[in-house]
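Any read-out appearing in this document is the output of simple, stated calculations on the displayed coordinates, not a laboratory observation. Source: prediction; values computed, not measured. Every residue, glycine as well, gets a Cβ built from its backbone with ideal geometry; the counts of neighbours run over all protein chains shown.
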């Protein structure tokens with residue numbers, strides 16, 4: 001289950017939002033009151049969404065934007081006139097009063113967006129690793145009469161079953177097939 005950080009100066013408001021999201025099965029919620037606490041929680045946890053009031057105990061919540069990881073969204077919840085004071089285009093806003101369905105759907109969407117952003121930002125296989133995987137696929141195709149798709153799936157399955165990177169599995173396969181020349 002995803003984790004959402006809830007930051008409101010008033011603990012009752014934070015608990016209410018946290019209970020709403022947890023009871024809907026959206027996420028596990030961590031409650032805090034200051035921007036500094038948000039920064040610490042986000043750096044310690046894999047958080048894709050921070051839900052907060054426009055102002056926290058140590059300043060405007062808008063200040064958090066530059067300190068959050070790229071895959072983490074900031075959702076500000078408060079009265080329309082306070083939300084309008086926030087000029088950052090990177091802040092998502094919900095004006096109060098917020099309907100339950102609106103809050104749940106918005107947070108779900110931001111969590112989904114965060115997961116996609118994280119995948120997009122994840123480093124791709126380097127050239128050497130890619131070549132190693134291609135060599136292992138070629139060896140499987142030559143020795144075991146696999147199609148390219150079968151060879152790729154065999155490497156992928158072994159990688160996933162063992163929880164190891166494809167490049168490591170490719171090295172093992174090449175060693176097992178006696179084709180472990182220079183990598």
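How many percent of DSSP beta bridges within the chain run antiparallel, rounded to 5?
10
Grab the eigenvalues of the alpha-carbon gyration tensor for the chain, scale each by 5, take roots, and send me the semi-axes largest first in whole angstrom. If you can, show how the numbers build up before the last one.
Working: eigenvalues 450, 50, 36 Å².
Sorted largest first and rounded, they come to 47, 16, 13 Å.
Working from label points 7 Å from Cα in the Cα-to-Cβ sense, the residue 161 to residue 117 distance is 3.8 nm. The alpha-carbon atoms of segment 127-176, seen along their principal axes, cover 26, 22, 19 angstrom, with the largest extent given first. When the chain is treated as a GNM with alpha-carbon contacts under 10 Å, the residue of 143, 126, 40 showing the greatest mean-square fluctuation is 143.
What order do you get for 3, 106 when you list them from fewest to most C-beta neighbours inside 10 Å? It would help to have the intermediate numbers written out before the result.
Values: 3 17, 106 20.
Ordered by Cβ neighbours within 10 Å, fewest first: 3, 106.
Working from Cα pairs under 8 Å separated by at least six residues, relative contact order for segment 91-183 is 26 percent. Of interest is the spacing of the C-alpha centroids, which for segment 1-65 and segment 98-166 amounts to 31 Å. Relative contact order for segment 127-176: what percent, with Cα pairs under 8 Å and sequence separation of 6 or more? Dividing the mean separation by the residue count of segment 127-176 yields 46 percent. Working from Cα pairs under 8 Å separated by at least six residues, relative contact order for the chain is 16 percent.
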